[in-house]
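Participant: Supplied in structure tokens, the structure appears directly below.
Bear in mind these aren't lab numbers, they're just calculated from the coordinates by the rules spelled out. Just so it is clear, the model here is predicted, and its values are computed rather than measured. So basically every Cβ, Gly included, is an ideal-geometry build from the backbone, and we count neighbours across all protein chains shown.
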Amino acid sequence: MTENLKDLVKDHINFPKSGIIFKDILPLLQYPDVFSKVIEEMSSSQIFKDADAILSIDARGFIFGTAISFYLSKPMIVARKPGKLPGNLINRSYDLEYGSNSLSIQVDALKPYNSFAVVDDLLATGGTIKCVSEMLKDSGKVISGLSVVIELGELNGRDKFDFPVESNIVL
Ligand code: AMP
């Protein structure tokens, strides 16, 4: 499975800006057998058993978080980029491997749950997940762990975190 998954991640050199090798995970979605194995593998992690809910990151994180939520019958909430969510929000800015951004979470969506498993497509520097983990911690929540499909090992993003980090492949 690992060989197939690696083959389905397409490199785009200098996207979205010079010096970045963008790892495009979307070709995976054209191979439902591999996609379902990825979801099964992610879902088998203890971090989901230890969580009340899943927190998925805008936008490719939604693809994987939603599938895991369906597979495990776990509630899911989202962290979204600016201007996308209505209602009372918690907002925080962060640095990306290629720029900066900010994320928002709906206060009401967060309220019913104490612990969260965070899901995204890819871990690079860890700035995105650091931002989300600080939002959760500031709200008095617990993070059971992070699950990503791809981890860029050389960037050591996982060293930023005091919770378990799981990835299907390290590139
Ligand atoms: P980071 O905050 O540096 O860990 O970046 C992780 C987020 O940015 C994820 O949501 C990824 O979708 C995206 N990202 C960062 N670097 C890359 C890359 N080289 N290829 C694809 N996506 C990336």
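Participant: Output the peptides 32-41, 116-125, 85-94 sorted from most to least packed, where packing is the average of other Cβ atoms within 10 Å over each peptide's residues.
Facilitator: Answer by packing, highest mean first, reads 116-125, 32-41, 85-94.
Participant: Can you give the calculated 222 nm mean residue ellipticity of the chain, where each DSSP H run of n ≥ 4 adds -39,500 (n - 2.57) and the sum is split over every residue, rounded to the nearest 500 deg cm²/dmol?
Facilitator: -8500 deg cm²/dmol
Participant: So what is Rg over Rh here for the range 16-77, counting just Cα atoms and using Kirkwood for Rh? If you can, show how the numbers build up before the last one.
Facilitator: Values: Rg = 13.3 Å, Rh = 12.8 Å.
With Rh from the inverse mean 1/r over Cα pairs, Rg/Rh is 1.04.
Participant: Set the Förster distance to 30 Å, then compute FRET efficiency between residue 89 and residue 17 from the Cβ-Cβ distance, nearest 0.05.
Facilitator: Numbers: r = 28 Å, r/R0 = 0.94.
The formula returns an efficiency of 0.60 here.
Participant: Separate question: Straight distance only, please: which lysines reach the Cα of residue 81 with their own Cα at less than 27 Å, same-chain residues fewer than 8 apart left out?
Facilitator: Leaving aside lysines fewer than 8 places away in the same chain, those within reach of residue 81 are 10, 17, 23, 111, 130, 137, 141, 160.
Participant: Also, quick follow-up: Could you tally the net charge around residue 165, taking each other residue with its Cβ under 13 Å from the Cβ of residue 165, Lys/Arg +1 and Asp/Glu -1?
Facilitator: Around residue 165, the surrounding residues sum to -2.
Participant: Taking the alpha carbon gyration tensor of the range 40-171, what are the square roots of 5 times its eigenvalues, largest first, to the nearest whole Å?
Facilitator: 20, 18, 13
Participant: Restricting to bridges with both residues inside the range 2-167, how much of the DSSP beta-bridge set is antiparallel, in percent to the nearest 5? Please list the in-between numbers first.
Facilitator: Values: 13 of 32 bridges.
Of the beta bridges lying entirely in the range 2-167, close to 40 percent run antiparallel.
Participant: Now for a separate question. Determine ³J(HN,Hα), in whole Hz, for all residues of the range 148-153 in sequence, where each value follows from phi through the Karplus function 6.51 cos²θ - 1.76 cosθ + 1.60 and θ = phi - 60°; x replaces Gly and Pro.
Facilitator: Once rounded to whole Hz, the list reads 10, 6, 10, 10, 8, x.
Participant: Something else: Taking only C-alpha pairs under 8 Å that are 6+ residues apart, what is the relative contact order of the chain in percent?
Facilitator: In percent, rounded to a whole number, it is 19.
Participant: With +1 on the Cβ of every Lys and Arg and -1 on the Cβ of every Asp and Glu, and nothing else charged, how large is the dipole of the range 12-85 about its Cα centre, in debye rounded to the nearest 20?
Facilitator: Result for the range 12-85 is approximately 340 debye, rounded to the nearest 20.
Participant: Taking the Cα centre of the range 2-167 as origin, sum charge times position over the Cβ atoms of Lys and Arg (+1) and Asp and Glu (-1), and report the length of that vector in debye to the nearest 20.
Facilitator: Details: 18 positive and 22 negative charges, 110 e Å.
Around 520 debye, computed over the range 2-167.
Participant: Using label points projected 7 Å from each Cα along Cα→Cβ, tell me how many nm separate residue 59 and residue 4, to one decimal.
Facilitator: 2.7 nm
Participant: Putting +1 on Lys and Arg Cβ atoms and -1 on Asp and Glu Cβ atoms, find which of 155, 117, 83 reaches farthest to the positive end of the dipole of the range 78-171.
Facilitator: 83
Participant: Kirkwood-based Rg over Rh for the range 76-136 (C-alpha set), two decimals?
Facilitator: Using Cα coordinates only, the ratio equals 0.94.
Participant: Using 0.36 nm per residue of separation minus the Cα-Cα distance, give me the extension gain between residue 162 and residue 96 in nm, one decimal.
Facilitator: 21.8 nm
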